[in-house]
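For reference, the structure discussed in these notes is given below.
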Amino acid sequence: MFHIGSGRILASWTELADNGYAVKTAIGNDKGWSSPVTVIETDRLFVNWADYPSVAAFNDGTMAVHWLIENGSSSFDYNVNVALSSDKGRSWRAPIVPHSDRSQQQHGFVTLLPTKQNLLMAVWLDGRAYETDGNVSKSETFTNAMQLRTTTIGSDGSLSEDALLDIRTCSCCQTAAAITESGAVLVAYRDRTAQEIRDISVVRLSNGKWSKPKTIHEDGWKIAGCPVNGPSIDANGERVALAWYTAANDAPMVQVAFSKDAGQQFESISRVDLGEASGRVDIVQLDDGSALVSWVELRDDGEALLVCRAWPGTGCGATQVMMQNQAGGSINFPRMAYADGQVYFAWTQPVKSITSSRSLGSTVKMLLARF
């Protein structure tokens, strides 16, 4: 979901279609939602519970939607596609592939972030340095390493050369990005050391230069595989809030950190979960300096979407259960969007499918709260 001004929210989702799967969008506010618009429908769509499409809008109102399209026979061969619309989604231009690499490798976990004028930053995880048919790229320090890369997209569809932000990251955790009032851009992601420590790092763009990756908190989570659990970051003015999941020392938890200097330093780190966290976090920075944090937690009667209001230095107050899932499936990765004092929640709700080929399907659910 994405706030496009005047209290309006732009949402995107994936659903079953006659020809495979479809990516759809709609625009809404507290009065209701527009009719869904189909951006793409194909049987080549790469559909994954954790690597889902996203939507954003340029400052001039041009809409952008990204999805993943298969480009090989392996289940990890896919490219990023980004389509633009200048007429509020009524028509869409031919999709753009933002990454220069066209190898049959993973390119995904995309974040789209409007920056300045008519530019949109795209950030993704890139598998170009992984082995292909036994051949290792000679140009990279690490083999079998996922990279963090970025480029900018103009509202006219133009692309800048993609840039390397981190040469070795965790392979399948969501990325996140935010921009401050002064124009500093922060990209948060799960990093990966040679010792398999997978803590959260941030890279920062200021005055046209990217910083080196900086670990936000030394959790020390050593894990041999990807936990599929990325961070979330948001900014309001020069204040920045960051949330993430860790299970270091076999202690699963959700933590929050704040910055008051546009992400140069993060402090006021606090734990917010109730003890049975599954992660899948999201965060929105509110106008008064607090932040709304959401996450998924396991309970005796199923998954729960929890939310609390966190403050720098004091952490969370009361925790609310926004919804309880007792179905056989999962609510996956709930998302939030903040617009004019209102917070929109969206999640994937498991339901009984009406199709004969699947016993369990899902639908998109939304909830509105005021803060």
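From the list Gly127, Gly89, which residue is crowded, with 16+ Cβ neighbours inside 10 Å and over 21 Å from the mean Cα position of the chain (by Cα)?
Selected residue: Gly89, the only one of Gly127, Gly89 that is crowded, with 16+ Cβ neighbours inside 10 Å and over 21 Å from the mean Cα position of the chain (by Cα).
Being of a type in the set (Val, Ile, Thr) and modelled with pLDDT under 95 is the filter here; which residues of segment 107-134 pass it? Lay out the reasoning, then the answer.
To start, the set of residues in segment 107-134 that are of a type in the set (Val, Ile, Thr) comprises 110-111, 115, 123, 132.
Of everything in segment 107-134, those that are of a type in the set (Val, Ile, Thr) and modelled with pLDDT under 95 turn out to be Thr115, Thr132.
Could you please let me know if Ala310 is modelled with pLDDT of 90 or more, over 22 Å from Trp13 (Cα atoms) and surrounded by 22 or more Cβ atoms within 10 Å (Cβ to Cβ)? Let's see the steps before the verdict.
Numbers: modelled with pLDDT of 90 or more: yes; over 22 Å from Trp13 (Cα atoms): yes; surrounded by 22 or more Cβ atoms within 10 Å (Cβ to Cβ): yes.
Judged against the criteria, Ala310 is a match.
Would you check which residues across segment 270-290 are open to solvent by 60 Å² or more (accessible area, probe 1.4 Å) and more than 23 Å from Gln326 (Cα to Cα) and list them? Even if it seems obvious, please write down each step before you answer.
So the first thing to find is which residues in segment 270-290 are open to solvent by 60 Å² or more (accessible area, probe 1.4 Å), and the list is 271, 274, 276, 287-288.
Scanning segment 270-290 gives Arg271, Asp287, Asp288.
What's the number of the condition Val293 fails, among (1) modelled with pLDDT under 95; (2) surrounded by 14 or more Cβ atoms within 10 Å (Cβ to Cβ)?
All conditions pass for Val293, except number (1).
Tally time: how many residues in segment 141-181 are among the polar types (S, T, N, Q), surrounded by fewer than 20 Cβ atoms within 10 Å (Cβ to Cβ), modelled with pLDDT of 95 or more and part of a loop (DSSP other than H, G, I, E, B)?
Residues flagged as among the polar types (S, T, N, Q), surrounded by fewer than 20 Cβ atoms within 10 Å (Cβ to Cβ), modelled with pLDDT of 95 or more and part of a loop (DSSP other than H, G, I, E, B) within segment 141-181 amount to 2.
Inside segment 226-326, counting only strands (runs of 3 or more DSSP E) that do not spill past its ends, which hold 3 or more residues that are over 21 Å from the mean Cα position of the chain (by Cα)? Before the answer, list the steps.
Numbers: elements: 232-236, 239-246, 253-259, 267-271, 277-285, 291-299, 302-311, 315-325.
Because the criterion is at least 3 residues that are over 21 Å from the mean Cα position of the chain (by Cα), the strands (runs of 3 or more DSSP E) in segment 226-326 that meet it are 267-271, 315-325.
Could you please find all residues in segment 182-225 being closer than 22 Å to Phe333 by Cβ, touching a Lys or Arg at 6+ places or on another chain (Cβ under 8 Å) and part of a loop (DSSP other than H, G, I, E, B)?
Within segment 182-225, Arg192, Arg198, Asp199, Trp221, Ile223 qualify.
Out of all the residues in segment 252-265, which are surrounded by 14 or more Cβ atoms within 10 Å (Cβ to Cβ) and either polar (S, T, N, Q) or in contact with a Cys (Cβ under 9 Å, 6 or more places away or on another chain) (or both)?
Matches in segment 252-265: Gln255, Val256, Ser259, Gln264.
Tell me the residue from Asn207, Asn249, Asn236 that is without any contact (Cβ under 8 Å) to a residue 24 or more places away in the chain and open to solvent by 10 Å² or more (accessible area, probe 1.4 Å), please.
Only one candidate passes the filter, namely Asn207.
Name the residues in segment 313-333 that are under 24 Å from Thr180 (Cα atoms) and open to solvent by less than 10 Å² (accessible area, probe 1.4 Å), would you? Lay out the reasoning, then the answer.
Applying the first criterion (under 24 Å from Thr180 (Cα atoms)) to segment 313-333 yields 313-316.
Selection gives Gly315 alone.
Please go through (1) surrounded by fewer than 22 Cβ atoms within 10 Å (Cβ to Cβ); (2) within 21 Å of the chain's Cα centre (by Cα) for Tyr52 and return the number of the only condition it doesn't satisfy.
(1)
State whether the residues of segment 75-84 include one that is under 30 Å from Glu181 (Cα atoms), under 15 Å from the mean Cα position of the chain (by Cα) and open to solvent by 10 Å² or more (accessible area, probe 1.4 Å).
So far as segment 75-84 goes, no, none of its residues is under 30 Å from Glu181 (Cα atoms), under 15 Å from the mean Cα position of the chain (by Cα) and open to solvent by 10 Å² or more (accessible area, probe 1.4 Å).
Could you tell me whether segment 26-37 includes any residue that is of a type in the set (Val, Ile, Thr) and open to solvent by less than 20 Å² (accessible area, probe 1.4 Å)? Break it down into steps so the answer makes sense when it comes.
Going residue by residue through segment 26-37, those that are of a type in the set (Val, Ile, Thr) are 27, 37.
With open to solvent by less than 20 Å² (accessible area, probe 1.4 Å) added as a condition, the list becomes none.
Looking for residues that are of a type in the set (Val, Ile, Thr) and open to solvent by less than 20 Å² (accessible area, probe 1.4 Å), one finds none in segment 26-37, hence no.
So, in segment 1-25, of the ones that are within 27 Å of Asn229 (Cβ to Cβ) and of a type outside the set (A, V, I, L, M, F, W, C), which residue ends up least open to solvent (accessible area, probe 1.4 Å)?
Thr25
Matching residues to (1) under 28 Å from Ile179 (Cα atoms); (2) touching a residue at least 24 places away in the same chain (Cβ under 8 Å):
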site: Ile4; (1), (2): yes, yes
site: Gly7; (1), (2): yes, yes
site: Asn19; (1), (2): no, yes
site: Ala22; (1), (2): no, no
site: Gly32; (1), (2): no, no
site: Trp49; (1), (2): yes, yes
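For segment 97-127, how many residues meet the condition of being part of a loop (DSSP other than H, G, I, E, B) and more than 11 Å from Asp77 (Cα to Cα)?
Start the filter on segment 97-127 by keeping residues that are part of a loop (DSSP other than H, G, I, E, B), which leaves 97-105, 115-118, 127.
In the following step, the residues that additionally are more than 11 Å from Asp77 (Cα to Cα) were identified as 97-101, 115-118.
Matching residues across segment 97-127 total 9.
The values are calculated or read from the model by the stated rules, or taken from the named source; none is laboratory data. What you see is a predicted model; the values in this text were computed from it and never measured. For neighbour counting, all protein chains shown are included, and Cβ atoms are generated from backbone atoms with ideal geometry for every residue, glycine included. Note: areas computed on protein heavy atoms with side chains; ligands, DNA, RNA excluded. Shrake-Rupley method; radii C 1.70, N 1.55, O 1.52, S 1.80 Å.
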